[in-house]
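One structure is given here, and the rest of the page talks about it.
The values are calculated or read from the model by the stated rules, or taken from the named source; none is laboratory data. Just so it is clear, the model here is predicted, and its values are computed rather than measured. Glycine gets a Cβ as well: all are built from the backbone with ideal geometry, and neighbour counts include every protein chain shown. The protein model used for the area step is the full one, side chains on, heavy atoms only, and it has no ligands, DNA or RNA in it. Shrake-Rupley method; radii C 1.70, N 1.55, O 1.52, S 1.80 Å.
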Amino acid sequence: MSNALEIPGHLTRVPGNGGLLKTKVETPWSHAEIYLHGAHVTHFQKLGEPPLLFMSAASQFTEGSPIRGGVPIIFPWFGPRDGFPAHGYARTSTWQLTETHLLPSGAVTLRFSLPSTDALHVEFLVTVAETLHMELSVTNHSTVATQVETCLHSYFQISDIAAISITGLEDVSFTDQVASLTHQESLPIHISSEVDRVYTDTRATVDILDPGFKRTVRIEKSGSDSTIVWNPWIEKSKRMADFGDDEYPHMVCVESGNVAGNAVTLGPGEKAVLGVRVSSF
Ligand code: TA6
């Protein structure tokens, strides 16, 4: 096993599920796991707390298939696309770990690069500390403008879907993907059925208030104009082979990106950076 880039006592590289190579990170505040497959953050947990990220017990860990949970990287398109994998190819590609650092603060940084066959250079920078900070950067090295969608499709572990509320998106217009209508609400989100909402033109910080775990999970973002909130509920859960029928009460996705009307146009040489910071208190 390659021990290049390892940091004794802080960062090790080991075979993970399905034999896929993963990086285990330990800091004074937290621990995390990231796979080369999709540069996928599959675990982030602060000492003394339940995990912050949800991971399905039924998830696949196989080449070519997305991991169900953690933080899938969605690029260069969001959602279905005829003849192509839903949510693009970044999350099912094998990325390269190019840099690791132990900062004086005790935080650990990891930089991943997406091997690309085109003029778009994609990197993913993860900083593990008391918070989890992720930055997805896309640089256009071609001579023509191009448009991409980006999203960090974060799955959060919660005590019970009936107990939580989600704030920060009040009065923001959203497309309801379930009911196929555009709407907005002035109250915090409470979930009691399938929810699949694409909020546009919002840079708001979102909080998941979880009285069952006695914590608030805060999702701050930069370089992102879209937020998606998703819970599959009962029937969709049953249709997903890589998701347990009884898992929907313990997860909610709050995804930060630039999708649909917020897609990013990159001129020649231009770079876009999508940043997300996950914290809890
Ligand atoms: O979370 C938004 C969404 O587009 C939902 O519609 C649902 O399909 C989810 O992504 C998961 O997509 P996946 O391709 O990972 O099954």
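Test of understanding: among ASP242, ASP210, ASP201, ASP246, which residue is at pLDDT 95 or above, over 30 Å from GLU49 (Cβ atoms), out of contact with any strand residue (DSSP E or B) (no Cβ under 6 Å at 6 or more places or on another chain) and not small (Gly, Ala, Ser)?
Numbers: ASP242 fails: over 30 Å from GLU49 (Cβ atoms); ASP210 fails: over 30 Å from GLU49 (Cβ atoms); ASP246 fails: over 30 Å from GLU49 (Cβ atoms).
Exactly one of ASP242, ASP210, ASP201, ASP246 is at pLDDT 95 or above, over 30 Å from GLU49 (Cβ atoms), out of contact with any strand residue (DSSP E or B) (no Cβ under 6 Å at 6 or more places or on another chain) and not small (Gly, Ala, Ser), namely ASP201.
Among the residues of the stretch 178-191, how many are within 16 Å of ASN231 (Cβ to Cβ) and open to solvent by 50 Å² or more (accessible area, probe 1.4 Å)? Walk me through how you get there before you give the answer.
Residues of the stretch 178-191 within 16 Å of ASN231 (Cβ to Cβ): 178-179, 185, 188-191.
Narrowing further to those that are open to solvent by 50 Å² or more (accessible area, probe 1.4 Å): 178-179, 185, 190.
Count: 4.
Based on this model, can you work out whether SER142 counts as open to solvent by 20 Å² or more (accessible area, probe 1.4 Å) and modelled with pLDDT of 95 or more? Don't jump to the end; show me each part of the working.
On the way: open to solvent by 20 Å² or more (accessible area, probe 1.4 Å): yes; modelled with pLDDT of 95 or more: yes.
Taking the combined requirement at face value, the residue satisfies it.
Residues are listed down the side, and each one gets a yes or a no for (1) surrounded by fewer than 17 Cβ atoms within 10 Å (Cβ to Cβ); (2) aromatic (Phe, Trp, Tyr); (3) at pLDDT below 95; (4) out of contact with any strand residue (DSSP E or B) (no Cβ under 6 Å at 6 or more places or on another chain):
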{"position": "LYS22", "(1), (2), (3), (4)": "no, no, no, no"}
{"position": "VAL25", "(1), (2), (3), (4)": "no, no, no, no"}
{"position": "GLU33", "(1), (2), (3), (4)": "no, no, no, no"}
{"position": "LEU36", "(1), (2), (3), (4)": "no, no, no, no"}
{"position": "ALA39", "(1), (2), (3), (4)": "no, no, no, no"}
{"position": "PHE61", "(1), (2), (3), (4)": "no, yes, no, yes"}
{"position": "GLY70", "(1), (2), (3), (4)": "no, no, no, no"}
{"position": "PHE75", "(1), (2), (3), (4)": "no, yes, no, no"}
{"position": "PHE78", "(1), (2), (3), (4)": "no, yes, no, no"}
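Please work out which one of (1) part of a strand (DSSP E or B); (2) surrounded by 18 or more Cβ atoms within 10 Å (Cβ to Cβ); (3) over 14 Å from the mean Cα position of the chain (by Cα) is the condition ALA272 fails and give its number.
Among (1) part of a strand (DSSP E or B); (2) surrounded by 18 or more Cβ atoms within 10 Å (Cβ to Cβ); (3) over 14 Å from the mean Cα position of the chain (by Cα), the lone unmet condition for ALA272 is (2).
Give the number of residues within the stretch 204-233 that are of a type in the set (Lys, Arg) and loosely packed, with under 14 Cβ neighbours inside 10 Å.
Keep residues of the stretch 204-233 that are of a type in the set (Lys, Arg), which gives 214-215, 218, 221.
So of that shortlist, the ones also loosely packed, with under 14 Cβ neighbours inside 10 Å come out as 214.
Residues flagged as of a type in the set (Lys, Arg) and loosely packed, with under 14 Cβ neighbours inside 10 Å within the stretch 204-233 amount to 1.
Could you tell me whether ALA39 is over 17 Å from GLN96 (Cβ atoms) and within 15 Å of the chain's Cα centre (by Cα)?
Working: over 17 Å from GLN96 (Cβ atoms): no; within 15 Å of the chain's Cα centre (by Cα): yes.
For ALA39, the condition - over 17 Å from GLN96 (Cβ atoms) and within 15 Å of the chain's Cα centre (by Cα) - is not met.
Cβ-Cβ under 8 Å, sequence separation 6+ or interchain: first residue in the stretch 182-201 and on the phi > 0 side of the Ramachandran plot, partner of a type in the set (A, V, I, L, M, F, W, C) and away from the ligand (no atom under 14 Å from the Cβ). Which pairs?
Sorted first by the residue in the stretch 182-201, then by its partner, the pairs are ASP201/VAL172.
Could you tell me how many of the residues in the stretch 46-62 are touching a residue at least 40 places away in the same chain (Cβ under 8 Å), in a loop (DSSP other than H, G, I, E, B) and more than 16 Å from the chain's Cα centre (by Cα)? First the steps, then the outcome.
Taking the stretch 46-62 as the starting set, the residues that turn out to be touching a residue at least 40 places away in the same chain (Cβ under 8 Å) are 46, 49-62.
Checking which are in a loop (DSSP other than H, G, I, E, B) leaves us with 49-52, 54, 56-62.
Of the ones still in play, those that are also more than 16 Å from the chain's Cα centre (by Cα) are 49-50, 57-58, 60-62.
So the answer is 7.
Say whether the condition of being at pLDDT 95 or above, touching a Leu at 6+ places or on another chain (Cβ under 8 Å), open to solvent by 10 Å² or more (accessible area, probe 1.4 Å) and in a loop (DSSP other than H, G, I, E, B) is met by at least one residue in the stretch 108-125.
Within the stretch 108-125, not a single residue is at pLDDT 95 or above, touching a Leu at 6+ places or on another chain (Cβ under 8 Å), open to solvent by 10 Å² or more (accessible area, probe 1.4 Å) and in a loop (DSSP other than H, G, I, E, B).
Assuming VAL195 fulfils every condition listed in (1) open to solvent by 20 Å² or more (accessible area, probe 1.4 Å); (2) within 19 Å of ARG68 (Cβ to Cβ); (3) β-branched (Val, Ile, Thr) apart from one, which condition is it?
Among (1) open to solvent by 20 Å² or more (accessible area, probe 1.4 Å); (2) within 19 Å of ARG68 (Cβ to Cβ); (3) β-branched (Val, Ile, Thr), VAL195 violates only (1).
Any residue at all in the stretch 149-162 that's in contact (Cβ under 8 Å) with a residue 40 or more places away in the chain, surrounded by fewer than 22 Cβ atoms within 10 Å (Cβ to Cβ) and over 30 Å from LYS24 (Cβ atoms)?
Taking every residue of the stretch 149-162 in turn, at least one turns out to be in contact (Cβ under 8 Å) with a residue 40 or more places away in the chain, surrounded by fewer than 22 Cβ atoms within 10 Å (Cβ to Cβ) and over 30 Å from LYS24 (Cβ atoms).
Could you list, in sequence order, all residues of the stretch 163-177 that are more than 16 Å from the ligand (Cβ to nearest atom) and either within 14 Å of ARG203 (Cα to Cα) or open to solvent by less than 10 Å² (accessible area, probe 1.4 Å) (or both)?
Taking the stretch 163-177 and keeping what is more than 16 Å from the ligand (Cβ to nearest atom), we get 163-165, 167-168, 170-173.
Within the stretch 163-177, ILE164, THR167, GLY168, GLU170, ASP171, VAL172, SER173 qualify.
Quick one: is LEU110 in contact (Cβ under 8 Å) with a residue 60 or more places away in the chain and not aromatic (Phe, Trp, Tyr)? Please lay out each step first, then the result.
Values: in contact (Cβ under 8 Å) with a residue 60 or more places away in the chain: yes; not aromatic (Phe, Trp, Tyr): yes.
Taking the combined requirement at face value, the residue satisfies it.
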